[in-house]
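The structure under discussion appears below in the form of structure tokens.
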Amino acid sequence: MDENLISRMIEEINGLNKQETKIMEVCGTHTYAIGKYGIRSLLNPETQLLSGPGCPVCVTSESTIDAAIKILENDNVILTTFGDLVRVRGAYESILDQRIKSKTVKILYTPFEALEIAQNNKDKLVVFLAVGFETTAPVIASAIQLAQKKNILNIYFLCSLKLMPPVLKFILDQNRQHIHGMICPGHVAAVMGEEYFQFIEQEYDIPAVIAGFEAMDIIGAIYTVVQSRNNPGTKKFENLYRRSVRIHGNRIAKETMNEVFEVSSAEWRGIGYIQDSALTMKASYAQFDALKRFNIQLLPQPNRSQCMCKEILLGIKKPTACNMFGTGCIPEHPLGPCMISSEGACASYYRY
Amino acid sequence: MDNAIKLCHGNGGKDTMQLITDVFYKHFLNPILSQGLDAAVLEIGKERIAFTTDTFVVKPIFFPGGDIGKLSVCGTINDLVTVGAKPLYMSCGIIIEEGFDLELLKKITASMAETASLAGVKIVTGDTKVVEKGAVDQIFINTSGIGQIQDNYQVKKIHPGDQIIVTGTIAEHGTTIAIEQYKLKVKGNFRSDCTPLYEILKHLEDYMDHIKLMRDPTRGGIATTLNELAVHSGYGIRLLEKNIPIRKEVAAINELLGLDPLYIACEGRMLLVVDKDKSREILHCIQQVSNCRDAQIIGGFLTDRDPYVYIENSFGGRKIIKSLEGEMIPRIC
């Protein structure tokens, strides 16, 4: 890491940017990295970073968590999933809470482990709760294909896979004036291609930068957005992650994803129902669909929590303006994405 | 659900502390317990004796660098060492699951005996219980120990400017266990750091007046221990990221697992709070001890009365480090 270069760039950002500039880092991995490197603490107050909707754990709906809990009511089920999703509550309880009731919940690092578990426990029904974006979807698709190829009959997938462009369009359509630039996730672009995020500049005339996840990558992206905002006429769309991202992305990954999934609409926690913003399994893979196997329907929930996640996510309102902040919604029992993510606006506010 | 004990109540972090305060302190409270040290300091006649207990439920029971037996001896010895005591005698209580392999029990016992003997400690009393299959997972061990406090060592008040030393690379034990638990197929040199720490104390005899206090950062890692020290002292702590010794492999695996090494257990490391003007000398002295070559001064206490711990990186970025909250679960993004 070149500390001197990083420090110089931060100085330049702070020197150059004298007007309020709100930059949304779209993806949860960027949000985490920004916290880890303490980047917020280095920027002047004019340059504000907004944590976007791209943390899969944070935006998984209550109804998806409740579906997983309902599936666990069957005695012979092993529920498998990724990391910190188990901590998030549905309407009333989290998946972690089910472990106390002697339900089997396993945290895995890849969906392929779930296939192994299914093969080693033929008398059980193994369910993999898959959350993620375009980065995770090809891996899940490939696991489903492998399950079909190996004829594993006791594995099911409860998918809550989401797409980035529809939610970004949803946000920008409503509040374009509040966002002055976007930092786009390098790993999503590596799968989908540089062109996938070009609409931010083309349709909304807002600077957008594809970036990797090191301190230098993120500071470079902030620098590019600030440059563009303060120098009208400069290029607004940049790919700073050329070491991994090609224009059209990864063809094989995209084909695998399209073979197994089709686009559908879905609910985003704290944000609402967004058209064509998710992936669901095609009819040809229906035998692996946990919702069908356990006869569960994901119904959109009313915003029961009365959170102001949408406004907070956009930086229009401060966390303290939300009625639930600090009372019904705290880091130990978060309701919305801004509190679930440790670097989310509400969690940061609560902490400091 | 909130009336049930959860796994997070046993992780050594905020929830454990809450449970101790709300339940155990409430019923057991006395001036010795309320000192909140890793070992109780008892004054019996003219002698000052350290007394402690610890229970071990680690899974898997054998892991690279140790096993549940070795760990159970080291854990108790190290708690005694943190109050300046020479560990002398230990007890050993074992709960065994019906059907457990006798050969494994022999192996664990031999490991306990070897570790105790190397540390000059005798296991002088014990208890055995066998419970029906499923009532415990294989084997649980409790050890208690007593030690003689050396040269009337006293824990001292922390002041702004006091420096914090860690005696070696962090997160070795917890990372090794995580690799085993998640059955990760990784190559690399991953071994628990599980070791008795009395050797360090022997080397530091001349400096004991300048050592404010010592802690072994086990469950909850150095982050949790340092938060406790911040609250205990009433001063903030600033850590320098580049000074925190961690092996590259360990850092990489934690990144991969979505875990933060600052929260990962050490079982053979000590944190020392020392006078600033003697900190270099003490560090140099510690670095002469085998296993402690990587010791470093990782930060110090601030004049700030807000008991926060923050870490600063090489380009000045700052981040607040909190106590471990909830169960430690891999972060996915």
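None of the figures in this text is laboratory data; all of them are computed from the coordinates on show. Treat the numbers as computed from the prediction; the structure is a model and nothing was measured. Reconstructed Cβ throughout: ideal geometry from the backbone, glycine too, with neighbour counts over all protein chains shown.
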**Asked** If one computes the Cα centroid of the range B:293-333 and of the range B:200-228, what distance in Å separates the two points?
**Response** 17
**FRET efficiency estimate (nearest 0.05) - Cβ-Cβ, A:ASP173 to A:SER244, R0 30 angstrom** = 0.50
**Gaussian network model of chain B, Cα within-10 Å springs - most flexible of B:ILE44, B:ILE146, B:ILE297** = B:ILE44
**Message:** What FRET efficiency comes out for A:LYS317 versus A:PHE112 if R0 is 35 angstrom and r is the Cβ-Cβ distance? Round to the nearest 0.05.
**Reply:** 0.25
**Asked** Which stretch or stretches of the range B:299-333 have amide N atoms under 17 Å from the point lying 7 Å from B:LEU256's Cα along the Cα→Cβ direction?
**Response** B:330-333
**Request:** Subtract the Cα-Cα distance of B:ILE32 and B:ASP206 from 0.36 nm times their separation in residues, and report this length gain in nm to one decimal.
**Result:** 59.9 nm
**Complete:** Taking A:179-185, A:217-223 and ranking on average Cβ neighbours within 10 Å, highest first, one gets A:179-185, A:217-223
**Item:** Principal axis dimensions, chain A - Cα atoms, whole angstrom, descending
**Value:** 65, 47, 36
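Using alpha-carbon pairs under 8 Å, 6+ residues apart, how would you state the relative contact order of chain A in percent?
Relative contact order for chain A comes out at 20 percent.
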**Item:** Alpha carbon centroid spacing (whole Å) that separates the range A:150-214 from the range A:1-79
**Value:** 13
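To check you understand DSSP bridge types, tell me what percent of the beta bridges within the protein assembly as shown (both residues inside) are antiparallel, rounded to 5.
Values: 56 of 104 bridges.
About 55 percent, rounded to the nearest 5.
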**Asked** How high is the relative contact order of the range A:90-177, given as a whole-number percent (alpha carbon pairs under 8 Å, six or more residues apart)?
**Response** 29
**Asked** How high is the relative contact order of the range B:37-152, given as a whole-number percent (alpha carbon pairs under 8 Å, six or more residues apart)?
**Response** 41
**Request:** Tabulate in residue order the Karplus-calculated ³J(HN,Hα) for the range B:142-153, using 6.51 cos²θ - 1.76 cosθ + 1.60 with θ = phi - 60°, rounded to whole Hz; enter x for Gly and Pro.
**Result:** 10, 10, 10, x, 10, x, 9, 6, 8, 6, 6, 4
**Cα pair distances in chain B, grouped into 10 Å bins until the bin that holds the longest one, percent each** = 6, 25, 36, 25, 7, 1
**Proximal lysines relative to A:LYS149, as straight alpha-carbon distance under 18 Å, when same-chain residues fewer than 8 apart are discounted** = A:LYS122, A:LYS282
**Listed pairs B:LYS6/B:LYS106; A:LYS236/A:LYS318; B:LYS14/B:LYS129; A:LYS70/A:LYS106 exceeding 26 Å between Cα atoms** = B:LYS6/B:LYS106; A:LYS236/A:LYS318; B:LYS14/B:LYS129
**Prompt:** Kirkwood Rh, the range A:235-352, all Cα pairs: how many Å?
**Reply:** 17.5
**Request:** Let me know the Rg and Dmax you get for the protein assembly as shown when you use only its Cα atoms, in Å.
**Result:** 26.8, 84
**Message:** If each DSSP helix of 4+ residues adds -39,500 (n - 2.57) and the sum is divided by the residues in chain B, what number results at 222 nm, nearest 500 deg cm²/dmol?
**Reply:** -7500 deg cm²/dmol
**Complete:** Per the helix-only model, chain A has a calculated mean residue ellipticity at 222 nm (DSSP H runs of ≥4, -39500 (n - 2.57) each, divided over all residues, rounded to the nearest 500) of -11000 deg cm²/dmol
**Asked** Which FRET efficiency value, to the nearest 0.05, do you get for A:GLN48 and B:SER91 by plugging their Cβ-Cβ distance into 1/(1 + (r/R0)^6) with R0 = 60 Å?
**Response** 0.55
